[in-house]
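The values are calculated or read from the model by the stated rules, or taken from the named source; none is laboratory data. What you are looking at is a predicted structure, and each value in this text was computed from that prediction instead of being measured. A quick note on method: Cβ atoms are made from the backbone with ideal geometry, for glycine too, and the neighbour counts reach across all protein chains shown. Heads up: the accessible areas ignore ligands, DNA and RNA and are worked out on the full protein's heavy atoms, side chains in. Shrake-Rupley method; radii C 1.70, N 1.55, O 1.52, S 1.80 Å.
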Amino acid sequence: MKPFRWICVVFLLALPLTAQGEYKTLDELTKAYSVDKCKSCHGTVHKEWEASYHSQSVVHSLGGIRNFIVVGVGKEYDEPMSKEHLLRCMGCHAPQIKDASESLAKEIASLIITAKDAKSRSKKNAAKKKLAKLNVNCIICHNTMIKVAKNVRGDPRPGVFYGPKGGKSSAHKTEKTTEISRSVFCGQCHGIYTPPDGDTIGCNTLYGSYQDAYRGNGGTETCQACHMGKKKRGHTFPGAYQVGIVKEGIGLDVQAMGIKLHPGKWIPTAIVDIGLTNKAGHRIPDG
Amino acid sequence: MVLEVTAKTNKGKVIAMGRKEYWEIGLDLDGEHRMGAWQIKEILDLTLPPRKTTTERFITELPKGTKSAEVEVKVTYKPAKTVTLNVHRIVKKLTF
(Lines give C-alpha, C1' and ligand atoms only; values in the text may rest on other atoms or scores of the structure.)
Protein backbone atom coordinates (compact mmCIF):
# COMPACT_ATOMS: atom_id res chain seq x y z
CA MET A 1 0.00 0.00 0.00
CA LYS A 2 1.29 3.44 -0.86
CA PRO A 3 2.06 5.76 2.09
CA PHE A 4 -0.62 8.20 0.94
CA ARG A 5 -3.33 5.61 1.41
CA TRP A 6 -2.07 4.86 4.90
CA ILE A 7 -2.49 8.49 5.78
CA CYS A 8 -6.10 8.39 4.65
CA VAL A 9 -6.84 5.29 6.72
CA VAL A 10 -5.29 6.76 9.87
CA PHE A 11 -7.13 10.00 9.27
CA LEU A 12 -10.53 8.30 9.05
CA LEU A 13 -9.87 6.22 12.15
CA ALA A 14 -9.13 9.38 14.07
CA LEU A 15 -12.58 10.69 13.25
CA PRO A 16 -15.07 8.09 14.42
CA LEU A 17 -17.78 10.64 15.22
CA THR A 18 -19.69 10.28 12.01
CA ALA A 19 -18.29 7.06 10.74
CA GLN A 20 -20.37 5.33 8.10
CA GLY A 21 -20.61 1.60 8.14
CA GLU A 22 -22.45 -1.38 9.46
CA TYR A 23 -22.66 -1.63 13.20
CA LYS A 24 -23.54 -5.02 14.60
CA THR A 25 -24.34 -4.01 18.17
CA LEU A 26 -26.38 -1.21 19.68
CA ASP A 27 -23.36 -0.16 21.75
CA GLU A 28 -21.20 0.27 18.67
CA LEU A 29 -23.88 2.24 16.86
CA THR A 30 -24.70 4.56 19.75
CA LYS A 31 -21.01 5.08 20.49
CA ALA A 32 -20.32 6.12 16.91
CA TYR A 33 -23.16 8.63 17.19
CA SER A 34 -22.52 9.60 20.80
CA VAL A 35 -22.75 13.30 21.62
CA ASP A 36 -21.63 13.07 25.26
CA LYS A 37 -18.31 14.62 24.39
CA CYS A 38 -19.92 17.72 22.86
CA LYS A 39 -21.04 18.67 26.39
CA SER A 40 -17.64 19.91 27.54
CA CYS A 41 -17.52 22.72 24.95
CA HIS A 42 -21.16 23.16 23.86
CA GLY A 43 -22.68 22.80 27.35
CA THR A 44 -25.63 25.15 26.91
CA VAL A 45 -26.62 23.75 23.53
CA HIS A 46 -26.37 20.21 24.89
CA LYS A 47 -28.61 21.02 27.87
CA GLU A 48 -31.19 22.66 25.62
CA TRP A 49 -31.16 19.72 23.25
CA GLU A 50 -31.59 17.25 26.13
CA ALA A 51 -34.73 19.14 27.17
CA SER A 52 -36.15 18.95 23.62
CA TYR A 53 -38.25 16.21 22.06
CA HIS A 54 -35.47 15.64 19.53
CA SER A 55 -33.52 13.92 22.31
CA GLN A 56 -36.49 11.58 22.92
CA SER A 57 -37.49 10.98 19.33
CA VAL A 58 -37.78 7.21 19.74
CA VAL A 59 -38.93 6.77 23.34
CA HIS A 60 -41.55 9.53 23.03
CA SER A 61 -43.07 7.85 19.95
CA LEU A 62 -42.70 4.31 21.18
CA GLY A 63 -46.38 3.27 21.08
CA GLY A 64 -46.83 4.29 17.45
CA ILE A 65 -43.61 2.66 16.31
CA ARG A 66 -44.50 -0.53 18.20
CA ASN A 67 -47.86 -0.56 16.41
CA PHE A 68 -46.15 -0.27 13.05
CA ILE A 69 -43.90 -3.24 13.82
CA VAL A 70 -46.63 -5.45 15.30
CA VAL A 71 -49.73 -4.40 13.36
CA GLY A 72 -48.34 -2.75 10.21
CA VAL A 73 -45.51 -5.08 9.25
CA GLY A 74 -46.62 -8.11 11.29
CA LYS A 75 -50.31 -8.23 10.32
CA GLU A 76 -51.13 -5.85 7.46
CA TYR A 77 -47.98 -6.37 5.36
CA ASP A 78 -47.70 -9.91 6.72
CA GLU A 79 -43.93 -9.78 6.36
CA PRO A 80 -40.96 -10.39 8.64
CA MET A 81 -39.42 -7.31 10.25
CA SER A 82 -36.44 -5.89 8.38
CA LYS A 83 -34.13 -2.88 8.40
CA GLU A 84 -35.94 -1.50 5.34
CA HIS A 85 -39.27 -1.61 7.19
CA LEU A 86 -37.83 -0.16 10.40
CA LEU A 87 -36.39 2.77 8.45
CA ARG A 88 -39.89 3.71 7.28
CA CYS A 89 -40.19 5.27 10.74
CA MET A 90 -36.59 5.59 11.82
CA GLY A 91 -35.54 7.49 8.69
CA CYS A 92 -36.72 10.49 10.75
CA HIS A 93 -37.02 9.22 14.33
CA ALA A 94 -33.44 7.83 14.44
CA PRO A 95 -31.70 8.13 11.05
CA GLN A 96 -28.48 6.57 12.43
CA ILE A 97 -30.18 3.20 12.03
CA LYS A 98 -29.23 3.41 8.35
CA ASP A 99 -25.77 2.35 9.61
CA ALA A 100 -27.06 -0.66 11.56
CA SER A 101 -26.61 -4.20 10.30
CA GLU A 102 -29.73 -6.13 9.31
CA SER A 103 -29.54 -8.16 12.53
CA LEU A 104 -29.07 -5.06 14.71
CA ALA A 105 -32.13 -3.45 13.08
CA LYS A 106 -34.17 -6.54 13.99
CA GLU A 107 -32.78 -6.40 17.54
CA ILE A 108 -33.88 -2.75 17.82
CA ALA A 109 -37.36 -3.72 16.58
CA SER A 110 -37.67 -6.38 19.30
CA LEU A 111 -36.41 -3.94 21.92
CA ILE A 112 -39.25 -1.59 20.90
CA ILE A 113 -41.79 -4.37 21.37
CA THR A 114 -40.26 -5.31 24.73
CA ALA A 115 -40.30 -1.70 25.90
CA LYS A 116 -44.04 -1.55 25.21
CA ASP A 117 -45.35 -5.07 25.77
CA ALA A 118 -43.12 -6.83 28.31
CA LYS A 119 -44.97 -8.00 31.42
CA SER A 120 -42.27 -6.99 33.87
CA ARG A 121 -41.69 -3.32 34.50
CA SER A 122 -37.95 -3.77 34.93
CA LYS A 123 -37.67 -5.45 31.52
CA LYS A 124 -39.65 -2.60 29.97
CA ASN A 125 -37.47 0.04 31.59
CA ALA A 126 -34.23 -1.70 30.62
CA ALA A 127 -35.33 -1.79 26.97
CA LYS A 128 -36.45 1.83 27.12
CA LYS A 129 -33.13 2.90 28.56
CA LYS A 130 -31.28 1.32 25.66
CA LEU A 131 -33.64 2.84 23.10
CA ALA A 132 -33.26 6.30 24.64
CA LYS A 133 -29.78 6.44 23.14
CA LEU A 134 -31.33 6.49 19.68
CA ASN A 135 -32.51 9.97 18.83
CA VAL A 136 -32.20 13.01 16.60
CA ASN A 137 -28.96 14.42 17.99
CA CYS A 138 -26.20 16.89 17.11
CA ILE A 139 -24.54 14.57 14.63
CA ILE A 140 -27.80 13.81 12.84
CA CYS A 141 -28.62 17.49 12.27
CA HIS A 142 -25.10 18.86 11.86
CA ASN A 143 -23.89 16.08 9.57
CA THR A 144 -26.22 13.23 8.50
CA MET A 145 -29.13 15.42 7.36
CA ILE A 146 -26.99 17.96 5.48
CA LYS A 147 -28.04 16.34 2.22
CA VAL A 148 -30.84 18.42 0.68
CA ALA A 149 -28.55 19.39 -2.23
CA LYS A 150 -26.12 16.50 -2.02
CA ASN A 151 -25.81 15.95 -5.74
CA VAL A 152 -24.63 19.54 -6.14
CA ARG A 153 -22.80 20.04 -2.84
CA GLY A 154 -21.70 16.47 -2.16
CA ASP A 155 -22.51 14.06 0.67
CA PRO A 156 -21.85 15.22 4.24
CA ARG A 157 -18.22 14.40 5.02
CA PRO A 158 -17.37 12.20 8.01
CA GLY A 159 -16.16 14.12 11.05
CA VAL A 160 -17.22 17.54 9.76
CA PHE A 161 -19.85 19.54 11.64
CA TYR A 162 -21.82 21.86 9.43
CA GLY A 163 -23.14 25.04 11.03
CA PRO A 164 -24.40 28.52 10.22
CA LYS A 165 -21.03 30.19 10.90
CA GLY A 166 -18.47 27.43 10.51
CA GLY A 167 -16.34 28.85 13.34
CA LYS A 168 -12.94 27.15 13.60
CA SER A 169 -12.30 24.55 16.28
CA SER A 170 -9.35 22.37 17.16
CA ALA A 171 -11.73 19.66 18.41
CA HIS A 172 -13.29 18.88 15.05
CA LYS A 173 -13.69 20.16 11.55
CA THR A 174 -16.45 22.64 10.85
CA GLU A 175 -17.94 23.92 7.67
CA LYS A 176 -20.27 26.82 7.03
CA THR A 177 -23.51 25.90 5.30
CA THR A 178 -26.65 27.83 4.46
CA GLU A 179 -28.65 24.60 4.43
CA ILE A 180 -28.98 24.29 8.21
CA SER A 181 -30.66 27.71 8.35
CA ARG A 182 -33.27 26.94 5.70
CA SER A 183 -36.79 25.61 6.38
CA VAL A 184 -36.36 22.79 3.88
CA PHE A 185 -33.71 21.33 6.19
CA CYS A 186 -36.41 20.75 8.85
CA GLY A 187 -38.86 19.78 6.10
CA GLN A 188 -36.85 16.60 5.49
CA CYS A 189 -38.35 15.17 8.68
CA HIS A 190 -41.39 17.39 9.24
CA GLY A 191 -43.09 16.53 5.94
CA ILE A 192 -44.50 13.56 4.02
CA TYR A 193 -41.87 10.89 3.46
CA THR A 194 -41.47 8.67 0.43
CA PRO A 195 -39.25 5.64 1.10
CA PRO A 196 -37.37 4.14 -1.87
CA ASP A 197 -40.25 1.76 -2.69
CA GLY A 198 -42.73 4.65 -2.96
CA ASP A 199 -45.20 3.58 -0.21
CA THR A 200 -45.63 6.99 1.41
CA ILE A 201 -45.57 7.63 5.17
CA GLY A 202 -47.91 10.34 6.46
CA CYS A 203 -46.51 10.83 9.95
CA ASN A 204 -46.03 14.48 9.46
CA THR A 205 -47.42 16.92 6.95
CA LEU A 206 -46.49 20.20 8.62
CA TYR A 207 -43.93 21.23 6.01
CA GLY A 208 -46.59 21.07 3.29
CA SER A 209 -48.70 23.55 5.26
CA TYR A 210 -45.65 25.78 5.83
CA GLN A 211 -44.82 25.87 2.13
CA ASP A 212 -48.31 26.09 0.62
CA ALA A 213 -50.37 27.92 3.24
CA TYR A 214 -47.82 30.07 5.12
CA ARG A 215 -45.31 30.93 2.40
CA GLY A 216 -48.16 30.76 -0.10
CA ASN A 217 -49.87 33.58 1.81
CA GLY A 218 -46.87 35.84 2.08
CA GLY A 219 -45.21 34.44 5.22
CA THR A 220 -41.44 34.81 5.13
CA GLU A 221 -40.03 33.55 8.44
CA THR A 222 -38.09 30.30 8.65
CA CYS A 223 -38.70 27.45 11.09
CA GLN A 224 -35.41 28.37 12.75
CA ALA A 225 -36.46 32.02 13.23
CA CYS A 226 -39.60 31.11 15.20
CA HIS A 227 -38.43 27.93 16.94
CA MET A 228 -34.80 28.82 17.72
CA GLY A 229 -34.13 32.54 17.23
CA LYS A 230 -37.17 34.03 18.98
CA LYS A 231 -36.95 34.36 22.77
CA LYS A 232 -33.55 32.66 22.72
CA ARG A 233 -35.23 29.29 22.35
CA GLY A 234 -32.04 27.85 20.92
CA HIS A 235 -32.05 24.07 20.75
CA THR A 236 -35.07 23.52 23.05
CA PHE A 237 -37.39 23.41 20.02
CA PRO A 238 -40.68 24.14 21.80
CA GLY A 239 -43.86 23.06 20.03
CA ALA A 240 -47.28 21.72 20.88
CA TYR A 241 -46.37 20.76 24.46
CA GLN A 242 -45.25 24.21 25.63
CA VAL A 243 -48.12 26.52 26.46
CA GLY A 244 -45.92 29.61 25.95
CA ILE A 245 -45.36 29.14 22.23
CA VAL A 246 -48.89 27.81 21.70
CA LYS A 247 -50.33 31.03 23.23
CA GLU A 248 -48.05 33.02 20.97
CA GLY A 249 -49.39 31.15 17.96
CA ILE A 250 -53.12 31.60 18.57
CA GLY A 251 -54.65 35.07 18.73
CA LEU A 252 -58.13 35.29 20.27
CA ASP A 253 -60.56 38.16 19.80
CA VAL A 254 -63.98 38.06 21.47
CA GLN A 255 -66.87 40.43 20.77
CA ALA A 256 -70.04 39.80 22.77
CA MET A 257 -73.39 41.54 23.04
CA GLY A 258 -76.61 40.93 24.96
CA ILE A 259 -79.85 41.77 23.15
CA LYS A 260 -83.56 40.98 23.51
CA LEU A 261 -85.10 39.13 20.57
CA HIS A 262 -88.71 38.59 19.36
CA PRO A 263 -90.83 41.70 19.89
CA GLY A 264 -93.17 41.26 22.84
CA LYS A 265 -91.45 38.09 24.09
CA TRP A 266 -88.10 39.82 24.58
CA ILE A 267 -85.95 36.72 24.94
CA PRO A 268 -82.51 37.56 26.36
CA THR A 269 -80.01 36.48 23.71
CA ALA A 270 -76.24 36.33 23.75
CA ILE A 271 -74.35 36.98 20.52
CA VAL A 272 -70.67 36.12 20.52
CA ASP A 273 -68.29 36.75 17.63
CA ILE A 274 -64.90 35.11 17.85
CA GLY A 275 -61.77 35.56 15.79
CA LEU A 276 -58.98 32.99 16.04
CA THR A 277 -55.81 34.12 14.31
CA ASN A 278 -53.11 31.61 13.47
CA LYS A 279 -49.78 33.40 13.89
CA ALA A 280 -47.65 30.28 13.44
CA GLY A 281 -45.91 29.25 10.24
CA HIS A 282 -48.26 26.36 9.50
CA ARG A 283 -51.64 24.92 10.39
CA ILE A 284 -52.70 24.76 14.06
CA PRO A 285 -52.93 22.15 15.31
CA ASP A 286 -50.72 19.82 13.33
CA GLY A 287 -52.28 16.48 14.05
CA MET B 1 -57.73 22.30 19.57
CA VAL B 2 -61.12 23.09 21.07
CA LEU B 3 -63.06 26.34 21.27
CA GLU B 4 -65.81 26.33 23.89
CA VAL B 5 -68.34 29.03 24.60
CA THR B 6 -70.64 28.94 27.63
CA ALA B 7 -72.96 31.45 29.25
CA LYS B 8 -73.61 31.56 32.99
CA THR B 9 -76.77 33.47 33.90
CA ASN B 10 -77.25 35.66 36.96
CA LYS B 11 -79.32 32.76 38.34
CA GLY B 12 -76.32 30.46 38.11
CA LYS B 13 -77.54 28.41 35.16
CA VAL B 14 -74.76 27.30 32.80
CA ILE B 15 -75.76 27.11 29.15
CA ALA B 16 -73.51 25.69 26.41
CA MET B 17 -73.46 28.14 23.50
CA GLY B 18 -71.26 26.04 21.28
CA ARG B 19 -68.10 24.11 20.71
CA LYS B 20 -65.77 23.81 17.73
CA GLU B 21 -62.93 21.38 17.18
CA TYR B 22 -59.99 22.04 14.89
CA TRP B 23 -58.00 19.03 13.78
CA GLU B 24 -56.59 16.97 10.98
CA ILE B 25 -58.09 13.68 9.89
CA GLY B 26 -55.65 11.15 8.46
CA LEU B 27 -57.33 9.02 5.81
CA ASP B 28 -56.40 5.86 3.95
CA LEU B 29 -57.23 5.23 0.27
CA ASP B 30 -60.76 4.09 1.17
CA GLY B 31 -61.53 7.29 3.04
CA GLU B 32 -61.26 5.59 6.43
CA HIS B 33 -59.92 7.50 9.41
CA ARG B 34 -56.49 6.07 10.32
CA MET B 35 -53.98 6.74 13.09
CA GLY B 36 -50.92 4.80 11.89
CA ALA B 37 -48.32 6.85 10.01
CA TRP B 38 -47.97 4.00 7.49
CA GLN B 39 -51.74 3.87 6.89
CA ILE B 40 -52.31 7.58 6.31
CA LYS B 41 -52.22 8.61 2.65
CA GLU B 42 -54.33 11.77 2.64
CA ILE B 43 -55.13 14.55 5.09
CA LEU B 44 -58.44 16.29 5.61
CA ASP B 45 -57.39 19.65 7.01
CA LEU B 46 -59.95 21.06 9.48
CA THR B 47 -57.38 23.23 11.25
CA LEU B 48 -56.73 26.96 11.54
CA PRO B 49 -54.80 28.04 8.41
CA PRO B 50 -51.72 30.22 9.00
CA ARG B 51 -51.83 34.00 8.44
CA LYS B 52 -55.65 33.91 8.54
CA THR B 53 -58.31 34.76 11.06
CA THR B 54 -60.99 32.10 11.37
CA THR B 55 -64.28 33.54 12.62
CA GLU B 56 -67.08 31.81 14.47
CA ARG B 57 -70.45 33.23 15.57
CA PHE B 58 -72.63 31.85 18.33
CA ILE B 59 -76.19 33.08 19.00
CA THR B 60 -78.02 31.59 21.96
CA GLU B 61 -81.34 32.39 23.57
CA LEU B 62 -81.15 32.42 27.36
CA PRO B 63 -83.96 31.67 29.84
CA LYS B 64 -86.65 34.33 30.12
CA GLY B 65 -85.99 36.72 32.96
CA THR B 66 -82.20 36.51 32.69
CA LYS B 67 -80.88 39.92 33.72
CA SER B 68 -77.19 39.34 33.07
CA ALA B 69 -74.82 36.61 31.97
CA GLU B 70 -71.12 35.90 31.92
CA VAL B 71 -69.93 34.55 28.62
CA GLU B 72 -66.80 32.42 28.88
CA VAL B 73 -64.68 31.69 25.80
CA LYS B 74 -62.07 28.98 26.26
CA VAL B 75 -59.36 27.67 23.94
CA THR B 76 -57.72 24.40 24.91
CA TYR B 77 -55.08 22.40 23.10
CA LYS B 78 -54.46 18.66 23.33
CA PRO B 79 -51.04 17.67 21.97
CA ALA B 80 -51.57 14.13 23.31
CA LYS B 81 -54.45 12.12 24.80
CA THR B 82 -53.25 12.73 28.34
CA VAL B 83 -52.14 16.37 27.99
CA THR B 84 -54.42 19.42 27.90
CA LEU B 85 -53.10 22.98 27.71
CA ASN B 86 -55.29 25.90 28.73
CA VAL B 87 -54.37 28.41 26.05
CA HIS B 88 -56.88 31.25 26.40
CA ARG B 89 -59.85 32.18 28.58
CA ILE B 90 -61.81 35.38 28.13
CA VAL B 91 -64.94 36.27 30.14
CA LYS B 92 -67.38 39.01 29.07
CA LYS B 93 -70.32 40.25 31.10
CA LEU B 94 -73.59 40.87 29.25
CA THR B 95 -76.67 42.66 30.57
CA PHE B 96 -80.18 42.48 29.19
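Brief remarks on what is shown
- Accessible surface of the range A:37-97, 1.4 Å probe, proportion on carbon and sulfur as whole %: 55 percent
- Pairwise FRET efficiency - A:S170 versus B:A16, Cβ, R0 = 51 Å, nearest 0.05: 0.20
- GNM remark for chain A: springs join alpha carbons under 10 Å apart, and the peak mean-square fluctuation among A:A270, A:A126, A:A94 falls on A:A270.
- Residues of type lysines that A:K119 reaches as a straight line, Cα spacing below 27 Å, ignoring anything fewer than 8 places off in the same chain: A:K75, A:K83, A:K106, A:K128, A:K129, A:K130, A:K133, B:K81
- When the Cα convex hull of the range A:114-185 is projected onto planes of every orientation, the mean area is 7.0 nm².
- B:H33 versus A:K232: modelled label distance in nm, points set 7 Å from Cα along the beta carbon direction: 4.4 nm
- Loss of accessible area when B meets A, both sides summed, Å² nearest 100, probe 1.4 Å: 4500 Å²
- Extending 7 Å from Cα along the Cβ direction at A:E79 and again at B:R51 yields two label points whose distance is 4.0 nm.
- Exposed-loop-free span, longest in chain A, where chymotrypsin sites (Phe, Trp or Tyr not before Pro) count as exposed if DSSP calls them loop and at most 16 other C-beta atoms lie within 10 Å: A:1-240
- Taken along the Cα-to-beta-carbon direction at a fixed 7 Å, the label points for A:T178 and A:D155 span 2.5 nm.
- Within the same chain, lysines fewer than 8 places from A:K231 are excluded, and of the rest, those with a Cα less than 28 Å from its Cα are A:K37, A:K39, A:K47, A:K165, A:K168, A:K176, A:K247, A:K279, B:K52, B:K74, B:K78.
- Exercise: per-residue mean of other protein chain Cβ atoms within 10 Å, B:33-44: 6
- Legend: calculated FRET efficiency, A:K260 to A:A225, from the Cβ-Cβ distance at R0 = 41 Å, rounded to 0.05, equals 0.25.
- With helices as the sole contributors, chain A gives -8500 deg cm²/dmol at 222 nm; each DSSP H run of n ≥ 4 counts as -39500 (n - 2.57), and the sum is divided by every residue.
- Using a Gaussian network model of chain A in which every pair of alpha carbons under 10 angstrom is joined by a spring, one finds that among A:K123, A:K230, A:K98 the greatest mean-square fluctuation is at A:K230.
- Per residue accessible area in Å² of the range A:167-287, where ligands, DNA and RNA are left out and the probe is 1.4 Å: 51 Å²
- Peptide B:55-66 has a mean shielding of 5, counted as Cβ atoms of other protein chains within 10 Å of each residue's Cβ.
- Tilt relative to chain A, helix A:121-131 - C-alpha long axis, 0 to 90 degrees, to 10: 70 degrees
- Peptide A:251-260 is shielded by partner chain Cβ atoms: per residue, an average of 6 of them sit within 10 Å of its Cβ.
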